[in-house]
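As structure tokens, the structure follows; a few thoughts come after it.
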Amino acid sequence: MTAPLVFVLSGPNLDRLGTREPEVYGSDTLDDVHSAVSREAGALGLLADCRQTNHEGEMVDWLHEAVDAGADVVINPGAWTHYSYAVRDACAIVTTSGRSLVEVHLSNPASREDFRRTSVVAPVATGTVAGFGLQSYLLALRALI
Ligand code: DHK
């Protein structure tokens, strides 16, 4: 039997983790995040497909691909969280198709600038994990099982 597939998707500027505002986002690089996610997914009996993009349309395409593949989704939409109705609508396609989608954030956006307190994704997500650095991604995987 093949392990259930999970798309682990990260949005804009998250390729800069490790050097980008480490006091906010921590010192782990995206490679560190993807390695930890792959390890944890294996331990949980899941198969993680980890990707990052700075391009909104590519993220929308990947969310459609997740639906077509029957995969659940862990997504850190980065700044798109706060204003992208295109990403929000694509996330809604995932959850209305019966798959789970967990929104994750390394930082706790609720404790930061006002504009970060709005998530247009949260209302269509299955749930949200925020504020635990790299662990947010791992907790999201656990939530899926
Ligand atoms: C990542 C970003 O790039 C920000 O735009 C969000 C999120 C917060 C995070 O904490 O992972 O506001």
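Laboratory data are not the source of any read-out in this text; all were calculated from the coordinates shown. Here the structure is a predicted model, which is why all the values come from computation and not from measurement. Backbone-built Cβ (ideal geometry, glycine too); neighbour counts: all protein chains shown.
Numbers for the structure displayed
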item: Chymotrypsin sites (Phe, Trp or Tyr not before Pro) within the range 75-112: DSSP coil, no more than 15 neighbouring Cβ in 10 Å; result: 83
item: Residue order, fewest to most beta carbons within 10 Å, for 96, 2, 126; result: 2, 96, 126
item: Computed magnitude of the charge dipole of the chain (debye, nearest 20; Cβ of K, R +1, Cβ of D, E -1); result: 340
item: Given the chain, longest segment not containing exposed loop trypsin sites (Lys or Arg not before Pro) (DSSP; at most 15 other Cβ within 10 Å); result: 21-111
item: Cβ-derived FRET efficiency at R0 22 Å, residue 13 paired with residue 69, nearest 0.05; result: 0.25
item: Alpha-carbon centroids, the range 56-125 and the range 1-45: separation in whole Å; result: 15
item: Neighbour net charge for residue 15 - beta-carbon separation under 12 angstrom, K R +1, D E -1; result: +2
item: Three-way shape label, the chain, alpha-carbon gyration tensor, a/c 1.5; result: oblate
item: Three-way shape call for the range 38-121 based on the alpha-carbon gyration tensor, with the a/c threshold at 1.5; result: oblate
